[in-house]
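The values are calculated or read from the model by the stated rules, or taken from the named source; none is laboratory data. Since we're looking at a predicted model, the values are computed, not measured. Cβ sites come from the backbone with ideal geometry, for glycine too, and all protein chains shown count toward neighbours. When the accessible area is computed, the model is the full protein with side chains, heavy atoms only, and any ligands, DNA or RNA have been set aside. Shrake-Rupley method; radii C 1.70, N 1.55, O 1.52, S 1.80 Å.
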Amino acid sequence: ETGVTQTPRHLVMGMTNKKSLKCEQHLGHNAMYWYKQSAKKPLELMFVYSLEERVENNSVPSRFSPECPNSSHLFLHLHTLQPEDSALYLCASSQDLGGGASAKNIQYFGAGTRLSVL
Amino acid sequence: SQQGEEDPQALSIQEGENATMNCSYKTSINNLQWYRQNSGRGLVHLILIRSNEREKHSGRLRVTLDTSKKSSSLLITASRAADTASYFCATARTGANSKLTFGKGITLSVRP
């Protein structure tokens with residue numbers, strides 16, 4: 001176990017549904033991340049939170065809405081998704097965003113949520 | 001453009017052989033990390049090498065870093081079928097907040 005738990009592991013939703021992905025880390029980390037991983041594509045960084053503040057939003061469509069209520073929890077709220085949004089969604093955490101040659105930016109990943117949009 | 005580019009994209013070897021995977025990057029970095037991903041799972045951190053280091057070992061893993069060529073290699077010695085996975089390099093650019101940028105990954109298949 002990596003100390004990062006994602007639920008649910010699998011999710012099937014229609015384009016009109018609203019659902020949420022949950023990520024919880026038990027590592028005492030200050031930074032959390034959402035990634036999208038599609039087949040045959042590089043890992044796409046979606047959002048970065050540091051100390052519960054969003055520090056990066058990589059041109060992600062508004063149908064994806066992140067929420068970080070505290071440093072241990074991260075949510076990704078989904079609504080009116082498209083079939084091309086089907087992918088593996090990964091959550092990760094790190095001690096902080098790093099800097100210098102420190103190891104504080106080593107990321108610990110959850111097992112992911114496999115999302116299928118019908 | 002992608003910061004880290006792995007090479008080759010796919011590698012198939014026989015159990016017991018060594019596997020060498022390469023990563024090239026474009027900008028100055030603070031550190032470079034290698035991760036492994038089993039199919040459909042999250043990534044797992046393997047090893048970190050700092051910009052002032054040239055080589056690092058961890059068990060059967062050996063990582064080298066050449067900052068003049070902006071490249072790194074990951075060597076897995078005496079491979080096992082259980083090493084079958086995707087391997088990613090990730091670079092942390094210089095700067096106060098050096099978050100990681102991941103490459104596209106290398107698919108390694110180790111035949112029993």
Exercise. Hey, among B:ILE106, B:ILE13, B:ILE49, which residue is open to solvent by less than 50 Å² (accessible area, probe 1.4 Å), more than 14 Å from chain A (Cβ to nearest Cβ) and either more than 26 Å from A:VAL55 (Cα to Cα) or touching a Lys or Arg at 6+ places or on another chain (Cβ under 6 Å) (or both)?
Worked result: B:ILE13
Seminar exercise, completed: Of the listed residues (A:SER116, A:SER93), the one being among the polar types (S, T, N, Q) and either part of a helix (DSSP H, G or I) or closer than 20 Å to B:HIS45 by Cβ (or both) is A:SER93
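Can you say whether A:ALA31 is among the small types (Gly, Ala, Ser) and open to solvent by less than 20 Å² (accessible area, probe 1.4 Å), as far as the supplied structure shows?
It is true that A:ALA31 is among the small types (Gly, Ala, Ser) and open to solvent by less than 20 Å² (accessible area, probe 1.4 Å).
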Exercise. Would it be correct to say that B:ILE76 is β-branched (Val, Ile, Thr), surrounded by 15 or more Cβ atoms within 10 Å (Cβ to Cβ) and at pLDDT below 95?
Worked result: no
Exercise. Of (1) within 14 Å of chain B (Cβ to nearest Cβ); (2) open to solvent by 10 Å² or more (accessible area, probe 1.4 Å), A:ALA92 satisfies all except one. Which?
Worked result: (2)
Exercise. Any idea which residue in the range A:42-83 is farthest from A:LYS22 (Cα to Cα), counting only those that are more than 14 Å from every other protein chain (Cβ to nearest Cβ) and free of Cβ contacts under 8 Å to residues at least 12 places away in the same chain?
Worked result: A:SER59
